[in-house]
Amino acid sequence: MKHELKVKTNAGPGVLTLVQQGRKYAVIGLVLNGQAESAVFGFRAKAGATILDESSDSRQCLGITHRVQVGTTILDSTEMRAICVEDIVAALAHVQIACYNPEEI
């Protein structure tokens, strides 16, 4: 089942598209302001979120993470795991979605 979630990012509003397969949600892409291409993104953790890739290059260099856990929900930039999509929506409130252009790094 396909889910399109309206999200706020550091680059403005966007739509995060997920495809559900049981309790796994494949991240299809994040489109900002109706652009044609998907944005590259990570997360900035807020209170209540546990960073799961603390030693990654993106965490150390850019201050963003690609994998966080909020309760039993795991948010990842490629796949998310949750009991239901509502749990993902609730977990997204504990992170800031941070978009970046890898060619500018």
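The values are calculated or read from the model by the stated rules, or taken from the named source; none is laboratory data. Not measured: the values here are computed from a predicted model. Note that we place each Cβ from the backbone using ideal geometry, even for glycine, and neighbour counts take in every protein chain shown.
Things to note:
- Filtering Val40, Val68 for residues that are among the hydrophobic types (A, V, I, L, M, F, W, C) and in contact with a helix residue (DSSP H, G or I) (Cβ under 6 Å, 6 or more places away or on another chain) leaves a single hit, Val40.
- Here the condition is being without any contact (Cβ under 8 Å) to a residue 60 or more places away in the chain and not acidic (Asp, Glu); of Ile97, Ile74, it holds for Ile74 alone.
- Residue in the range 51-73 that is at pLDDT 90 or above, assigned to a strand (DSSP E or B), under 14 Å from Ala93 (Cα atoms) and of a type in the set (S, T, N, Q) present: yes
- Residue match in the range 78-97 (condition: surrounded by 19 or more Cβ atoms within 10 Å (Cβ to Cβ), touching a His at 6+ places or on another chain (Cβ under 9 Å) and closer than 18 Å to Lys6 by Cα): yes
- Pair list, Cβ < 6 Å and 6+ apart or interchain, from the range 41-59 residues that are without any contact (Cβ under 8 Å) to a residue 24 or more places away in the chain to residues that are small (Gly, Ala, Ser): Ile51/Ala45; Ser58/Gly42
- Of the residues making up the range 9-38, those that are over 16 Å from Ile74 (Cα atoms), under 11 Å from the mean Cα position of the chain (by Cα) and not β-branched (Val, Ile, Thr) are Gly29, Leu30.
- Residue satisfying all of: in the range 1-50; small (Gly, Ala, Ser) and not in a loop (DSSP other than H, G, I, E, B); nearest to Ala91 (Cα to Cα) among these: Ala45
- Of residues in the range 14-50 being touching a Leu at 6+ places or on another chain (Cβ under 8 Å) and among the polar types (S, T, N, Q), the one modelled with the highest pLDDT: Thr17
- Residue match in the range 93-102 (condition: more than 20 Å from Gly12 (Cα to Cα) and either touching a Phe, Trp or Tyr at 6+ places or on another chain (Cβ under 6 Å) or assigned to a strand (DSSP E or B) (or both)): no
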